[in-house]
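Let me begin by presenting the structure, written as structure tokens, before commenting on it.
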Amino acid sequence: MTDTLLSPMSLLAELTHRCPLQCPYCSNPLALEPRRNELSTAEWISVLDQAAEMGVLQVHFSGGEPMSRPDLPDLIRHAVGLGLYTNLITSGVLLNEKTFPVLVEAGLDHVQLSFQDIDTANAEHVGGMKGAQARKIEAARLIAADGMPLTLNFVIYRENACRVPRMLEAAVAMGARRVEIAHTQYYGWGLANRAALMPTPAQLEQTTQAVEAARKEYEGRLSIDYVTPDYYADRPKPCMGGWGRRFINISPSGRVLPCHAAETIPNVTFPDVRTDTLEHIWREAPLFTMFRGTDWMPQPCRSCDQREKDWGGCRCQALALAGNAAATDPVCSRAPDHGRVLEVLETLPVEPPPFRYRRYTRATDEVG
Ligand code: SF4
Ligand code: FES
């Protein structure tokens, strides 16, 4: 291995898969973790203690909807006490005049608030929850009024790509300091709905131009992160900054993963915080060592000058597109399987098919 082992920098704590929304682009696994399997408060506290001990600097509380967990303020308070920077990744539909002050009192540092669209009817169609948009706008108002740093996240797909200029205007009006205009990533339920979500080349061009124009117009007032769809790129993203290099993801039931989609990797045992320490998992677990560094790489990555920049791209995307997590990410134009990406783009339907929705039932779990 060419890389020395670094400490993890960020921890994504997926507190629950429960969520009042049902976005068809959700990157959570197709099989959700039921509430009865979720880590307890004491188990999460132990995870936070171990993470801080290992040198983790930031903790992102995520889900599902992390505000479905009543112990969220206790976990934030504990993380803050350990000196961790705390970020809440939320849909905002449970953030209101009663719940937000408790998070402020706990010491929360930052909120990332997601929107399905700026058009209310479409946003609520996509999220599957009536009245959600008004709740989100009220959540943004409360956060901005408090002065807490706020990032808005708009997920872009075929239906809403034309409204990026309105999203950016709204972000300024809502007092956000930062906005993410993030094209859908195709994992989990997003992969299942890829044909309905993937923008056309003309739409991608339009959204790129809208972002460039807004960067000039709102310079100094709003910072814009723009995430393009991988499938249209020539080179892959350095997913997670490289496998097992700086990032740890904990699933609701305590599985420790190098990324949020790693549970799709076949033929490997998933390490678990209930049975092993975070430090030992980070250093030794086969799931973390199997794609760490560059030794695992096939050609053309192995002799490519980009191999320590993009780390061969995304393992989960290689699995989804090439059927092999150890393949070069097919997004790369040098990859033997690049034709699979081109085929997806060349066969985009003229009319996108209807979304397939995740349905919660008593058999899977109740929504929190
Ligand atoms: Fe990255 Fe591999 Fe493509 Fe080189 S060949 S650019 S290392 S994915
Ligand atoms: Fe798993 Fe990219 S999402 S490595």
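The values are calculated or read from the model by the stated rules, or taken from the named source; none is laboratory data. Only a predicted model underlies this, so the values are computations on that prediction, with no experimental measurement involved. Cβ placement follows ideal geometry from the backbone for every residue including glycine, while neighbour counts extend to all protein chains displayed. The accessibility values were calculated without ligands, DNA or RNA, using every heavy atom of the protein model including side chains. Shrake-Rupley method; radii C 1.70, N 1.55, O 1.52, S 1.80 Å.
Checking each residue of region 159-180 against the condition of being more than 22 Å from the chain's Cα centre (by Cα) and closer than 20 Å to residue 352 by Cα gives at least one match.
The residues of region 189-214 that are open to solvent by less than 20 Å² (accessible area, probe 1.4 Å) and under 26 Å from residue 17 (Cβ atoms), listed by number, are 190, 193, 196, 197, 198. Restricting region 334-348 to residues that are in a helix (DSSP H, G or I) and touching a residue at least 24 places away in the same chain (Cβ under 8 Å), the residue that is nearest to ligand 2 (Cβ to nearest atom) is 341. Of the residues 21, 94, 108, which is under 18 Å from the mean Cα position of the chain (by Cα), within 18 Å of residue 152 (Cα to Cα) and not in a helix (DSSP H, G or I)? The conditions single out 21. In region 174-185, the residue that is nearest to residue 162 (Cα to Cα) out of those that are within 16 Å of ligand 2 (Cβ to nearest atom) and open to solvent by less than 10 Å² (accessible area, probe 1.4 Å) is 183.
Only residues that are within 21 Å of the chain's Cα centre (by Cα) and either under 16 Å from residue 50 (Cα atoms) or more than 16 Å from ligand 1 (Cβ to nearest atom) (or both) were counted in region 279-310, giving 3. Restricting attention to region 26-36, does a residue exist that is more than 22 Å from the chain's Cα centre (by Cα) and open to solvent by 40 Å² or more (accessible area, probe 1.4 Å)? Yes; the residues of region 26-36 include at least one that is more than 22 Å from the chain's Cα centre (by Cα) and open to solvent by 40 Å² or more (accessible area, probe 1.4 Å).
Set side by side, the residues 302, 246 differ, and just one is among the basic types (Lys, Arg), within 15 Å of ligand 2 (Cβ to nearest atom) and open to solvent by 20 Å² or more (accessible area, probe 1.4 Å), which is 246.
Looking only at region 312-324, residues that are open to solvent by less than 20 Å² (accessible area, probe 1.4 Å) and within 10 Å of ligand 2 (Cβ to nearest atom) come to 7 in all. Here the condition is being open to solvent by less than 10 Å² (accessible area, probe 1.4 Å) and more than 21 Å from residue 18 (Cα to Cα); of 257, 278, it holds for 278 alone.
Sub-7 Å Cβ pairs linking a first residue in region 140-157 that is more than 23 Å from residue 122 (Cβ to Cβ) to a second residue that is small (Gly, Ala, Ser), at least 6 apart or interchain, are 144/175, ordered by first then second residue.
Against the list (1) within 21 Å of residue 250 (Cα to Cα); (2) in contact with a helix residue (DSSP H, G or I) (Cβ under 6 Å, 6 or more places away or on another chain), the condition residue 284 fails is (2).
Counting only residues that are of a type in the set (A, V, I, L, M), within 16 Å of ligand 1 (Cβ to nearest atom) and at negative phi, region 234-262 holds 0 of them. If you go through region 330-368 and keep only what is open to solvent by less than 40 Å² (accessible area, probe 1.4 Å) and at pLDDT below 75, you end up with 358, 365.
Considering only residues in region 219-242 that are over 20 Å from residue 341 (Cα atoms) and open to solvent by 20 Å² or more (accessible area, probe 1.4 Å), the one that is nearest to ligand 2 (Cβ to nearest atom) turns out to be 240.
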